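Some notes on the structure that comes next.
Quick note: the coordinates plus some simple rules give every number you see, no bench work behind them. Only a predicted model underlies this, so the values are computations on that prediction, with no experimental measurement involved. Note that we place each Cβ from the backbone using ideal geometry, even for glycine, and neighbour counts take in every protein chain shown.
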Amino acid sequence: MTTIGILHQPRIPESEPMAAEIHAWLTAQGIEAWAGSTWDEEQVNGNMARFSLLVVLGGDGSTLRAARLSVPHDVPIFGINMGRVGFLSEAQLDNWQEKLDKVLRGEYWLEQRLMLQARLERNGRIINTLPALNDVVVSRGRQARVLRLHLFVDGDHVTLYTADALIVATPTGSTAYSMAAGGPLLPPQLQNFVVVPVAAHLSLDRALVLHEEAEITIQVQMDHEAALMADGQDGISLQDGDKVIVKKHDHYCSFVRVESPGYFYRRLMRRLGHARH
């Protein structure tokens, strides 16, 4: 390890003094460290190229935000949970020092997780591009009216959904909104992604599992509000006829792990309330 970045979450007041504590601990180990906020993207991006590791304080939302910053630089993430779920985090407040010490000794493995890249096209022009570690969602706006969403896979029309929303989720995102909508649970080792409708009305209500090289297009048909979101952030208003093209991102998001590879199932069972006592 050369330089380690530490990101705190401004919405969690305790995270900034914790970042300072970790900074001091790393410095005492002879490791150069830098601390900043997950919200200060410009400053983080300006330093990311020199980081060999990114320590993220907060919950899964903080990790999702950090992933968007770290992925272009191939910097792995070590999460310390200070949020509600922390499904992506590797350490808790009572064991971060023990686990981070293992990382410094090289006793870790890297887990690579599939990411998505969404492109919004309007009248043949690219309006925006959005990366996502969890999911890309096309959903209705404030009005309680369904959307009509045409799904194309590799250029072929598959079906027309009449639904409240359509979720395109990675294996990471399969344990989030996708799971709540009835989608399958995929372990992070898989390189598939899933398409899950939300509250489908007289249309296909089953999830579709697609291979990693698939390119899907969602064409919006509506006369009211709709929105595009990636990882629950950056809501973009959609117009009738807009196309959302989703495919595998060119980069993977790397996580530093010190637990055994079976950690995913243990955490999942705990989250679902089926942990062994």
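Give me the log10 of I(q) over I(0) for the stretch 195-243 at q = 0.13, 0.32 Å⁻¹, as the Debye formula computes it from C-alpha points; what are the numbers?
For the requested q values the scattering log ratios are -0.41, -1.15.
So how do E213, E111 line up by other beta-carbon neighbours within 10 Å, fewest first?
E213, E111
How do R140, R206 rank when sorted from fewest to most other Cβ atoms within 10 Å of their own Cβ?
Ascending Cβ contact count within 10 Å gives the list R206, R140.
Can you give the FRET efficiency for R84 and L160, using 1/(1 + (r/R0)^6), R0 = 22 Å, r = Cβ-Cβ distance, to the nearest 0.05?
About 0.05, to the nearest 0.05.
Per residue of the chain, what 222 nm ellipticity follows from adding -39500 (n - 2.57) for every DSSP H run with n ≥ 4, rounded to the nearest 500?
Using -39500 (n - 2.57) per qualifying helix, the result is -5500 deg cm²/dmol.
Please arrange F193, F78 by how many other C-beta atoms lie within 10 Å of their C-beta, fewest to most.
F78, F193
Report the full-extension gain for the segment A180 to F152: residue separation times 0.36 nm, less the Cα-Cα distance, to one decimal in nm.
7.7 nm
What ratio of Cα Rg to 2.2 N^0.38 Å holds for the stretch 9-101?
0.99
Rounded to a whole number, what is D in µm²/s for the stretch 116-248 from Stokes-Einstein with the Kirkwood radius over alpha-carbon pairs (25 °C, 0.890 mPa s)?
Using the Kirkwood radius from Cα pairs, D works out to 171 µm²/s.
Return an integer: the convex hull volume of the alpha-carbon atoms of the chain, in Å³ per residue.
135 Å³
Let's test the formula: R0 of 41 Å, r as the Cβ-Cβ distance of L202 and R105. What FRET efficiency results, to the nearest 0.05?
FRET efficiency, L202 to R105: 0.10.
What FRET efficiency, computed as 1/(1 + (r/R0)^6) with R0 = 30 Å and r the Cβ-Cβ distance, is obtained for N95 and N47, rounded to the nearest 0.05?
With a Förster radius of 30 Å, E is 0.65.
Counting DSSP beta bridges with both partners in the chain, what percentage is antiparallel, nearest 5?
75 percent
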